[in-house]
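The block underneath contains the structure these notes are about, expressed in C-alpha cells.
The values are calculated or read from the model by the stated rules, or taken from the named source; none is laboratory data. Given the structure is predicted, the values throughout are model-derived calculations rather than measurements. Here the Cβ positions follow ideal geometry from the backbone for every residue, glycine too, while neighbour counts run over all protein chains shown. For the accessible areas, the whole protein counts, side chains as well, though only heavy atoms, and no ligand, DNA or RNA atoms are used. Shrake-Rupley method; radii C 1.70, N 1.55, O 1.52, S 1.80 Å.
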Amino acid sequence: MTPSILRTPWQPGPDGDRTVGRVLVSVTEFTSVTQWRALGVAVNGMRLRRSWPGTGGAVGMWLWVDPAHRRSGSVSVWSTEQALTDFVRRPDHVGTVRAFRAHGTMRATSWTDARFDAGTAWRTARALLTGATPWPAPTPRTGPAPRTEPTPRTGKAPR
C-alpha cells in the first residue's frame, strides 16, 4: 500500500521570518507497533507543536502522519543545529521519547540548506517519507557514549 501522508499546516516558530541564511531541516519518523500507540504519539506531537511559537531557534514545522502504516513524525526547520539540540533535550520532548521508544522504531535525518524554501523542504522530506528517495544510512554517534551507570538521583540506569 502506498503511504498516504497527511500533514498539519505550517507552524512558524520565533525565527519564522527567516528566508535568508543557512537553515537546518530535520525529518523524524516513528513507526508504532500498534494503532493505539500511534495515536498516542500523534497526540503528544500536537502537544509539543503548541509550544512551537516559543521554541528558540525554530523557523517552523509540520507534523505528518501515515495512519495506514502507523507512522508519524515531523519536518522541522531550525536556525542552527544548537537550536535543534536544545529542543531535543527539553524535558517535554525527552518525556515523549521515553514514553514511546519501546513501542516502535524511530529514525531521523537532517540536512542544511543555504536558504529556507518551504516548498523545497517539504518536497525533499516527502520523498523520504514515501520511499521515493532512500533514507541516508545512519551515521555513527559522535560525542560521549550514552550513560549506562545508575544516576545519583534515582539510583536507576536511564532507559
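In this structure, does residue 8 turn out to be open to solvent by 60 Å² or more (accessible area, probe 1.4 Å) and either within 25 Å of residue 132 (Cα to Cα) or not hydroxyl-bearing (Ser, Thr, Tyr) (or both)?
Working: open to solvent by 60 Å² or more (accessible area, probe 1.4 Å): no; either within 25 Å of residue 132 (Cα to Cα) or not hydroxyl-bearing (Ser, Thr, Tyr) (or both): yes.
No: the conditions fail for residue 8.
Take the residues of region 49-64 that are under 12 Å from the mean Cα position of the chain (by Cα) and open to solvent by 20 Å² or more (accessible area, probe 1.4 Å): which is modelled with the lowest pLDDT?
This residue is 49.
Just checking, does region 72-79 include any residue being of a type in the set (S, T, N, Q), closer than 12 Å to residue 58 by Cβ and out of contact with any Lys or Arg (no Cβ under 7 Å at 6 or more places or on another chain)?
So in region 72-79, the residues of a type in the set (S, T, N, Q) come out as 72, 74, 76, 79.
After this cut, where a residue has to be closer than 12 Å to residue 58 by Cβ as well, the list is 74, 76, 79.
Narrowing the set further to residues that are out of contact with any Lys or Arg (no Cβ under 7 Å at 6 or more places or on another chain) leaves 74, 76.
For region 72-79, residues of a type in the set (S, T, N, Q), closer than 12 Å to residue 58 by Cβ and out of contact with any Lys or Arg (no Cβ under 7 Å at 6 or more places or on another chain): present.
Run down 114, 127, 108 and say which single residue is in contact with a Ser or Thr (Cβ under 6 Å, 6 or more places away or on another chain), within 28 Å of residue 13 (Cα to Cα), modelled with pLDDT of 90 or more and open to solvent by 60 Å² or more (accessible area, probe 1.4 Å). Reasoning before the result, please.
Numbers: 114 fails: in contact with a Ser or Thr (Cβ under 6 Å, 6 or more places away or on another chain); 127 fails: open to solvent by 60 Å² or more (accessible area, probe 1.4 Å).
It is 108.
Since residue 90 meets every condition but one in (1) modelled with pLDDT under 90; (2) within 19 Å of residue 14 (Cα to Cα); (3) among the basic types (Lys, Arg), which condition does it not meet?
Residue 90 satisfies every listed condition except (1).
Can you work out which of the residues in region 12-47 that are assigned to a strand (DSSP E or B) and more than 23 Å from residue 97 (Cβ to Cβ) is most open to solvent (accessible area, probe 1.4 Å)?
As a first pass, look at region 12-47 and keep what is assigned to a strand (DSSP E or B): 12, 23-32.
Going one step further and asking which of them are more than 23 Å from residue 97 (Cβ to Cβ), we end up with 12, 23.
Working: 12: 60, 23: 2 Å².
Applying the filter and picking the extreme gives 12.
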